[in-house]
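I have placed the structure first, in the form of structure tokens, so that the comments after it can refer back to it.
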Amino acid sequence: MAALFRMNCMQSLRRGLTLMSPKETTIYRRIATTPNRYDGIKEETKPVKRKWVSYGFSDKSEIEDHHALHQTMFVCVTIVFVIGCTVMAYLPDIRGKDWAQREAYLQIRYREEHGLPLVSPNYIDPSKIILPTDEELGDTEIII
């Protein structure tokens, strides 16, 4: 039993080694003719190109198709995604959010140091505010 197991292992090892050997790019297909009608003609061998599925870049050349695929993927992934995300991450603050927050902290510190309220009650000049009269308000509920 052990001898059969060893023989099976050796055969699978040989089979694996033959799979690793380089393959020929051209496959020859035999075109057989009917021997009864054409006795004098020998069987011909005709080279057949290896079948490949195009990636859509070139229908004529497999090498050109693969090259165009790899070039396009490199440009899309490396340049667009990696470099694009890096540029977007390090862009300056165009909306001024960082500046506004920094300015607010400086104003708060200034007002606390000088004993001023954080928001002035007279932020808008009271003389410019026009309030409705009691007759104009009528029965409207006022919530303070």
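At Val80 and Val119, where each label point lies 7 Å from the Cα along Cα→Cβ, what is the point-to-point distance in nanometres? So the two model labels end up 4.7 nm from each other.
The distance between label points at Arg109 and Tyr55 comes to 5.5 nm (points 7 Å beyond Cα on the Cα→Cβ vector). Subtracting the Cα-Cα distance of Ile143 and Thr72 from their residue separation scaled by 0.36 nm leaves 19.1 nm.
With each label modelled as a point 7 angstrom along the Cα→C-beta vector, the Val48-Ile129 pair spans 9.1 nm. A viscosity of 1.306 mPa s and a temperature of 10 °C, combined with the Kirkwood radius over C-alpha pairs in the Stokes-Einstein formula, give the range 56-144 a diffusion coefficient of 77 µm²/s.
Quick note: the coordinates plus some simple rules give every number you see, no bench work behind them. All of these numbers come straight from a predicted model, not from anything done at the bench. Heads up, the Cβs are rebuilt from the backbone with ideal geometry, glycines too, and the neighbour counts pull from every protein chain shown.
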